[in-house]
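Chemist: Quick one: the structure is below, questions incoming.
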Amino acid sequence: MNAVPPTSASLIAALAGLLPNGGLLTTDEDLARYSRDWSGDHFGRPLAVARPASVEEMSALMRHCHAERIPVVPQGGLTGLVGAAVAADGGEIVISLERMNRIRSISPIDFAMVVEAGCILEDAKRAAEESDCLLPITFGAQGSCRIGGNVATNAGGFNVLRYGMTRDLVLGLEVVLADGRIWNGLKVLRKDNRGYDLKQIFIGSEGTLGIVTAAALKLFPKPTQIETALVGLRSVEDAMALYARARRDCSDLLTAFELILRGGIEITMREGKDFPDPLGKAYPAYVLIEVSAGGLIDLSAMLLGFLDGVADIVEDGIVASTRAQAERLWLYREIMVERQGRGGRYLRTDVSVPISKLADFVTDALFDLQRARPDALAVTYGHVGDGNIHLNVVPPEGMTPEAIEHLFEEAEAHIFAVVDRCGGSISAEHGIGRVKQKAFLERIDPVTLDLAAGIKDAFDPRHILSNGRILASTSALDYR
Ligand SMILES: Cc1cc2nc3c(=O)[nH]c(=O)nc-3n(C[C@H](O)[C@H](O)[C@H](O)COP(=O)(O)OP(=O)(O)OC[C@H]3O[C@@H](n4cnc5c(N)ncnc54)[C@H](O)[C@@H]3O)c2cc1C
């Protein structure tokens, strides 16, 4: 079923009537900030930006869009990396959640908080901390991404190995459906086996099944101790051997285990004298390890004891003695992510394989890539405790846009072929959106596709929500 926008003028007038007090933006100047994502790789000028301030306004907006078959795309902080939240050029209304950003409640007794979808993740984390609780979703974009975006992408991050992905942290949701009805599944119950668990269908659905307006999230006791170390290793195999030992010896206190290959550390070192070689000498692989705990455990002694016990694997390392030093170690990870894109576009991959196959995956994928494209710089890092690797490809300087496109296609095909051989996933965290759609649909089995299409039809029969993301577009609208 095709979504056909009516003429712009009447459409704008009708929407403006539904969204008073600056709720609708239409000028080029106003739209600019909603038209480009964090990466700068995806751009699309929306027809207008709707900014409902309440669930009632959202409901009225969607009722109208459903009746008139107006295509829409929900937008959070625009940090998603698969081109899903920007509009199809001139053809969609962006629905920004930014004015629905309240923290509705926090209950340290329930270990739960209810947050509106437009709340920035860092603000939600801060509010939880003020109640002596921890909202564990943690990653580089937390200062910009919004809770609705985190739910819609089932965000992961550094702490998944201890606390799980967003899916594991959502207790309930409030969702405005494609036809404007409000589904109130906002509860803080830990156990509830009444029929289908409908919230799960919206988590990770990338805006294609409904608009999340609020989420009830699980909280945890705020750790009173955090210990961080950076270690240098001979190989990815050694990193995985270290992970196995850390899992056993640090048990559930292990909060992060981040692998960075030497090339990534060198990217951060380009930042200048403030970022010297962190261990004084180069090692093929590095791991950032974090453990955290509350209560009476002597965490520092535990980490030092663990590191003593793995002296056969670890070549060298430093343990942060203050929080400031720990934050500095994490900066090597964060700056690398930001700096790899400074020279322009680069290929981002976000794959996962069984943990037991991770070392083989990295070795084989880097070997195939190097053989096929020795001119490309591979930057490899990831949340290896979750089997999740980012194997990114930076093109050489001076390459034409056409040659870059070709390089990315070739490199991605090589990387995904190794993922397939390892029984892995082409998207561990970032989702499918538009960028990974072709690779996703090439790999999907007919039964899964049939079920997915049926779910889409049931929740959004007119295909007005994020059309052309995850599943193929059903309208004449074309995307950049
Ligand atoms: C530096 C950096 C580091 C990152 N690290 C990680 C990481 O470690 N782990 C990880 O998982 N991701 C990571 N990401 C990706 C990104 O931050 C996450 O996918 C994040 O959850 C997106 O949130 P957002 O608010 O920016 O969403 P947007 O980019 O605005 O939107 C993402 C998707 O969600 C949909 N959406 C947004 N809001 C709603 C809503 N209220 N209802 C329904 N659909 C909605 C959009 O339509 C789109 O499909 C990183 C990104 C950057 C830039």
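Each reported figure results from applying straightforward, stated rules to the coordinates on display, with no laboratory input. All of these numbers come straight from a predicted model, not from anything done at the bench. All Cβ positions, glycine included, derive from the backbone under ideal geometry; neighbour counts span all protein chains shown.
Chemist: Tell me the label-point distance for the pair Ser251, Arg181, using the 7 Å Cα-to-Cβ offset, in nm and rounded to one decimal.
Modeler: Simple spin-label model gives 4.7 nm for this pair.
Chemist: List the GluC sites (Glu not before Pro) within the range 242-305 that fall in a DSSP loop (any state other than H, G, I, E or B) and whose Cβ has at most 16 other Cβ atoms within 10 Å.
Modeler: Of the GluC sites (Glu not before Pro), the ones in loops of the range 242-305 whose Cβ has at most 16 other Cβ atoms within 10 Å are Glu271.
Chemist: Here is a further query. Let me know the charge dipole size of the range 225-343 about its Cα centre in debye, to the nearest 20, where only the beta-carbon of Lys, Arg (+1) and Asp, Glu (-1) is charged.
Modeler: Dipole size: approximately 320 debye.
Chemist: Sorted by mean Cβ packing within 10 Å, highest first, what order do the peptides 101-107, 224-230 take?
Modeler: 224-230, 101-107
Chemist: Separate question: Can you give the alpha-carbon Rg of the range 309-433 over 2.2 N^0.38 Å, where N counts its residues?
Modeler: Against the compact-globule rule of thumb, the ratio is 1.18.
Chemist: Report, in debye and to the nearest 20, how large the dipole of the chain comes out about its Cα centre when Lys and Arg carry +1 and Asp and Glu carry -1 on their Cβ.
Modeler: Around 880 debye, computed over the chain.
Chemist: Using the 2.2 N^0.38 Å rule of thumb for compact globular proteins, work out how the chain stacks up: its C-alpha Rg over that value, please.
Modeler: Here the Cα radius of gyration is 1.00 times the empirical estimate.
Chemist: Can you run phi through the Karplus equation (6.51, -1.76, 1.60; θ = phi - 60°) for the range 411-417 and list ³J(HN,Hα) in whole Hz, with x for Gly and Pro?
Modeler: Going residue by residue, I get 4, 4, 4, 5, 5, 5, 5 Hz, with x marking Gly and Pro.
Chemist: Sticking with this one: Report, by chain and number, residues whose modeled amide H sits under 5 Å from the one on Val86, excluding near sequence neighbours (fewer than 5 apart, same chain).
Modeler: none
Chemist: Give, as a single signed number, the net charge of other residues whose beta carbon lies under 10 Å from the beta carbon of Arg345, with Lys and Arg counted +1 and Asp and Glu -1.
Modeler: So the environment of Arg345 carries a net charge of -1.
Chemist: I would also like to ask the following. Name the residue farthest towards the positive end of the dipole of the chain from the options Ile313, Pro52, Ser466, assuming +1 on Cβ of Lys and Arg, -1 on Cβ of Asp and Glu, about the Cα centre.
Modeler: Of the options given, the answer is Pro52.
Chemist: Can you give the direction-averaged projected area of the convex hull of the alpha-carbon atoms in the range 103-221, in nm²?
Modeler: So the mean shadow area of the Cα hull is 7.0 nm².
Chemist: Given the -39500 (n - 2.57) contribution per DSSP H run of 4+ residues, what per-residue ellipticity at 222 nm results for the chain, rounded to the nearest 500 deg cm²/dmol?
Modeler: -10000 deg cm²/dmol
Chemist: Also, I was wondering about something else. Can you bin the range 1-133 into rounded, prolate or oblate? Criterion: square roots of the alpha carbon gyration tensor eigenvalues sorted a ≥ b ≥ c, rounded for a/c under 1.5, prolate for a/b above b/c, oblate for the rest.
Modeler: It is prolate, given that a/c is not under 1.5 and a/b is the larger ratio.
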